[in-house]
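What follows draws every value from the coordinates through simple rules; no lab data is involved. These numbers were taken from a predicted model, which means no experiment stands behind them. Reconstructed Cβ throughout: ideal geometry from the backbone, glycine too, with neighbour counts over all protein chains shown.
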Amino acid sequence: MLNGFFVNPILVLRWNDFATHIKRMADLGARKIIVQWTSGHGYGLYPSKIYDPTWGLPSNTDWIKQLLETAMDHQIDVWLGLDACYSTTEWHYDKPLQSLSRRCRTTASELADLYRNTGSLAGFYIPVDLDQPLKKTGVNFLDQVVSHCHQLDYPIACPASEPRPKLTGRHYEADQQDQEWRARVQRLRRTWRKSWQQAIDQSGLDILVIRHLHGVGRESDLEADLDHFQNIRRWVSLPLYHQTQDLIPTSAETQIGFSYHHLDPLPTAEVVSRHSVRQDPARQGPVRQSTVRQGPDLLRQKADQVEWFLRRRCLVEGQVVSVLDTRFPAAAQQNQWQEDADWLTGLYVGAESFRYATTGETAAADHARQSWQAVHKLSNISGIPGIVARYWLPHIDGPLGHGRKRWHQNDDGVYWISDISRDQLSGHMFGLATYFDHVATAEERQIIQTDVEAITDLIIDNQMMAIDPDGQPCIHGNFWVSPLLALSFLKSAYHITRKERYQEKYLDLIDPHYFLGHALKDARVSANPFFQHYHQDSPLYHFLQYEDEPNLRQQVLRICDHLYADTHRHGNVYLMINHAVSHPESDSGQKAVAELHKFDIESLNVSRWEQEARELLKNGDLPRPIQISLAYILGERDSLPNRRGNYLPIEYRPPKEFGWNYYAGEEARRAAGQAGHHGIHIRYSGVDYLLAYWMARYHGLVC
């Protein structure tokens, strides 16, 4: 049934033998290969004369030429993707898509000049997600790119995802039996079809690649879509990842699997007929492949600089000091209160675990192990099984504090901060699960299982609430108000321990307590996106990794889709990577990588950021909305004209503990003149960058 496959260029660059893979695709019936993209972020994955050459491919290796020549031997047509990066900043400040259009046309021209005579180059593919339904800017963009490719004498294909209505009102409960919802879907679909047909007629687009999500238990309108579109070749891309049932044949000219890299590594045609597919390339064990890069790796250089500073200044007994007053040592009295240390330490363990799984570097395993041991101690320092500490120190200066969130002293004289919260526990579990999967020895796995059982048992026994030593619920320990976090926590506990009690509780919260429905409701545009990382970021990754039951997984994917629909507008890199891991056909991954490229690690220092921001405001040629927001943040104006602020690109944002946790207009939450969340002398640890970078490396979004 499949006529071809998409391939991820980053993963193709890891192949040792092109012939083996191309022959395998040919044996599986492939007659087409689509290379997902070939340029992005100012770099070319081919011998470019226009794009920055510092990406550093080996000068004597042209992998695209090698792929094209090998494909020609097997009579396979190759379609080359154009520029992959339509960044969040462009989404806000380049609505005409002129920059993206120019990059796509440049890439097409270079690819045509380089590979016109290879024989198997059949055309080009646009690898970005356009508006659904298609708006005028998207139509004009298509018109420019298609016209240019036709001048080069090549046809061009463009993807179109099935339309999904926004969740409004009570429609978070929507399903296929809801007639009102069905009517709403059909109205949107008619608009979607009309907009794309108009774009096809105006631009002369050659091929429409309909992305069929193929949800379990869903009625499909795919055939009606195929019948509707006229004057164009119609292809369908079908997801192979997380597939457990047979693919349904369609009347499309071509059905392309997304993607080849998610096939089970069996060298026979049985792979497609049985649809035995990989849950995720990452779940097959450590990658540990060396990069093909020969030149400077700017993203890795930034990661190494963050790592160097973090380990030199921001570690105390393996714990991450996430808010460092740079005037004093990390263990000094001025830095002793670190209420978010448990959360950030867990995320750091996760980052180093991904680093080890990607590179096999001994240092990564050592770093992960040191901070995992700190997480283990945080799991037990209270002396009461299951009660987790936010932070601990051998001694402290000053009073213990009062209220629920304060210092305690255990029987060994060690001090620890109480009143653990859901967001802390999400990072705690993230670190334990990632270390368990990628680094832990057999003995360490048993220790992790014991810790997870104690924590989870205490929460379940207290009606899904974290408690303090006095038996009272923690202030922010109620899992009933964070359904996604609750479900992910239980699913991770079951994955680690294999104790049926956790799976049973997980299913009980889904039905009859409807936690998936409530999580879907929470995934709508948030009234306060500042708290998205508390409720969605940390737990979402492992939820997507561990839930394999098709119907339940489909609901988790819906949650991920709606979270992405909101957060891609804010540049939440971590959540965009989560989306890319579960939706590799989307451009969300390269949107995230664009933010990594623009991330300035020097701006983790608040005073450094303020100095540069003031200079930019004074002398920089900035768009008016950015000028207004910066002036307000820096106290040079006392009000915002729209009372909401404006989207700030990542290079202009004030630093914070978890920089991805930003939304357009966040400055409106604070009074004018407040440049930092914790003061002007603060430097943040940079765990946010490390985690996003190593997740992106691990999942093939960057080399």
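Observations
- Under-5 Å amide H pairs with D206, H placed in peptide plane, nonlocal only: I156
- Simple Cβ-charge dipole of the chain, Lys/Arg +1 and Asp/Glu -1, about Cα centre, in debye nearest 20: 1360
- From least to most packed, judged by other beta carbons within 10 angstrom and beginning with the fewest, T326, T107, T497, T345 follow the order T326, T497, T107, T345.
- What the Cβ-Cβ distance of Q151 and R644 gives, at R0 = 35 Å and to the nearest 0.05, is a FRET efficiency of 0.20.
- Cα convex hull of the range 385-477, projected area averaged across orientations, nm²: 6.7
- Applying 0.36 nm per residue to the separation of S251 and H402 and subtracting their alpha-carbon distance, the gain on full extension is 47.5 nm.
- For the range 302-449, with +1 on Lys and Arg beta carbons and -1 on Asp and Glu, the positive-most of T358, Q338, I387 along the dipole: Q338
- Per-residue [θ]222 nm for the chain (sum of -39500 (n - 2.57) over DSSP H runs n ≥ 4, rounded to 500): -14000 deg cm²/dmol
- Rg/Rg_ref, the range 64-179, where Rg_ref = 2.2 N^0.38 Å and atoms are Cα: 1.35
- For R211, residues with placed amide H under 5 Å, excluding near neighbours: A160, S161, E162, S237
- Likely footprinting exposure, L484, L540, fewest C-beta neighbours within 10 Å first: L484, L540
- Cα centroids of the range 101-117 and the range 400-458: 53 Å apart.
- Contour minus Cα-Cα distance for K135 and D548 (0.36 nm per residue): 145.1 nm
- Likely footprinting exposure, C158, C703, fewest C-beta neighbours within 10 Å first: C703, C158
- R187-L298 pseudo-label distance in nm [points 7 Å out on the Cα-to-Cβ vector]: 4.6
- Applying the Karplus relation 6.51 cos²θ - 1.76 cosθ + 1.60 with θ = phi - 60° to the range 517-522 yields 3J(HN,Hα) values of x, 5, 5, 5, 4, 5 Hz, where x marks Gly and Pro.
- Between the beta carbons of D178 and Y93, assuming R0 = 45 Å, the FRET efficiency works out to 0.75 to the nearest 0.05.
- Taking the charge dipole of the chain about its Cα centre, with +1 at Lys and Arg Cβ atoms and -1 at Asp and Glu Cβ atoms, the residue from A671, L2, M465 reaching farthest to the positive side is A671.
- 18 Å cut-off, amide nitrogen to a point 7 angstrom out along M72 Cα→Cβ, residues in the range 121-154: 121-124, 153-154
- Legend: calculated FRET efficiency, M1 to A224, from the Cβ-Cβ distance at R0 = 22 Å, rounded to 0.05, equals 0.65.
- Segment W480-R498, length gained on full extension (0.36 nm per residue, minus Cα span): 4.2 nm
- Three-way shape call for the chain based on the alpha-carbon gyration tensor, with the a/c threshold at 1.5: prolate
- Backbone N within the range 467-482 under 15 Å of label point (7 Å from R164 Cα along the Cβ vector): none
- Among L507, F141, W37 the positive-end extreme of the charge dipole of the chain (Cβ point charges): F141
- Take each peptide in 41-51, 579-589, count the other Cβ atoms within 10 Å of every residue, and average; sorted highest first, the result is 579-589, 41-51.
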